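Here is the structure we will look at.
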Amino acid sequence: MNLLDELRTHRLLAIVRGPDPAAALTAVLTLAESGVALVEVSLTSADALGIIRGARAALGPDYGLGAGTVLSADDARAAADAGAGFLVTPALAPSLAEAGRLGLPVLAGALTPTEVVQASSGGATAVKLFPASLGGPDYLGALRDPFPGTAFVPVGGVDADGARRYLDRGAVAVGVGSPLLGDAVRGGDPAALRERAAAFLAAVGQ
């Protein structure tokens with residue numbers, strides 16, 4: 001998949017992380033049904049690889065399904081084998097180089113200008129600005145001045161109102177976890193998740 005094109009088009013990456021594999025899989029499928037085109041399943045989730053396999057089987061080969069919190073080369077290979085179409089890291093990690101060897105696009109975590117340079121030179125498709133809440137939209141705007149060609153995706157503490165502000169300051173997309181997922185990853189009401197998904201899609205202009 002062309003991850004950068006997908007991020008620019010859809011502008012929202014949902015982050016699924018939770019202790020209940022069945023509920024997490026239901027959440028992924030509910031997000032897809034609600035029109036969310038990009039979903040990351042964190043490898044810190046219980047049976048994360050099983051969730052990815054189940055979601056890929058249900059959603060088909062073309063859906064924008066990735067693995068998150070991918071740190072090691074082993075993590076990267078396992079996620080690819082499970083069906084992840086892209087990888088997401090919380091920081092600069094060995095998984096970045098392994099993603100290149102696997103031919104998978106990667107959204108690499110970075111916070112400082114030095115890390116942004118290292119992520120980009122390491123082959124990152126886009127930079128996950130994390131945790132974005134430390135600096136907020138103004139910090140993203142400051143980073144955009146020296147790095148106008150870098151695709152930034154703020155993650156961490158992004159709510160529906162903040163999503164619009166980050167996009168206005170030049171983000172190509174935003175990544176959202178608990179403000180979107182709520183209690184769905186613990187068996188909460190899928191209808192409430194659909195409502196939150198609609199609110200976030202409206203916030204990013206979808």
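For (1) β-branched (Val, Ile, Thr); (2) free of Cβ contacts under 8 Å to residues at least 60 places away in the same chain; (3) open to solvent by 30 Å² or more (accessible area, probe 1.4 Å), each residue gets a yes or a no:
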residue: 71; (1), (2), (3): no, yes, yes
residue: 94; (1), (2), (3): no, yes, yes
residue: 97; (1), (2), (3): no, yes, yes
residue: 102; (1), (2), (3): no, yes, yes
residue: 109; (1), (2), (3): no, yes, no
residue: 115; (1), (2), (3): no, yes, yes
residue: 122; (1), (2), (3): no, yes, yes
residue: 125; (1), (2), (3): yes, no, yes
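Scoring residue 171 on the criteria (1) in a helix (DSSP H, G or I); (2) touching a residue at least 12 places away in the same chain (Cβ under 8 Å); (3) among the small types (Gly, Ala, Ser) leaves a single failure, condition (1). Residue count for the range 130-139 satisfying the condition of being aliphatic (A, V, I, L, M) and either under 25 Å from residue 97 (Cα atoms) or not in a helix (DSSP H, G or I) (or both): 1.
Among the candidates 48, 55, which residue alone is in contact with a helix residue (DSSP H, G or I) (Cβ under 7 Å, 6 or more places away or on another chain), at pLDDT 95 or above and either among the aliphatic types (A, V, I, L, M) or closer than 16 Å to residue 178 by Cβ (or both)? That would be 55, the only listed residue that is in contact with a helix residue (DSSP H, G or I) (Cβ under 7 Å, 6 or more places away or on another chain), at pLDDT 95 or above and either among the aliphatic types (A, V, I, L, M) or closer than 16 Å to residue 178 by Cβ (or both).
Within the range 144-159, the set of residues being open to solvent by 40 Å² or more (accessible area, probe 1.4 Å), more than 15 Å from residue 4 (Cβ to Cβ) and among the small types (Gly, Ala, Ser) comprises just one member, 157. Of the set (1) under 18 Å from residue 9 (Cβ atoms); (2) at pLDDT 95 or above; (3) in a loop (DSSP other than H, G, I, E, B), all apply to residue 147 but (1). None of 67, 46 is surrounded by fewer than 17 Cβ atoms within 10 Å (Cβ to Cβ), over 26 Å from residue 205 (Cβ atoms) and either touching a Gly at 6+ places or on another chain (Cβ under 7 Å) or touching a residue at least 12 places away in the same chain (Cβ under 8 Å) (or both) except 46.
The values are calculated or read from the model by the stated rules, or taken from the named source; none is laboratory data. Small disclaimer: the values here were computed from a predicted structure and weren't measured. Every residue, glycine among them, receives a Cβ derived from its backbone with ideal geometry; neighbour counts consider all protein chains shown. What goes into the accessible areas is simple: the full protein's heavy atoms, side chains included, and nothing from ligands, DNA or RNA. Shrake-Rupley method; radii C 1.70, N 1.55, O 1.52, S 1.80 Å.
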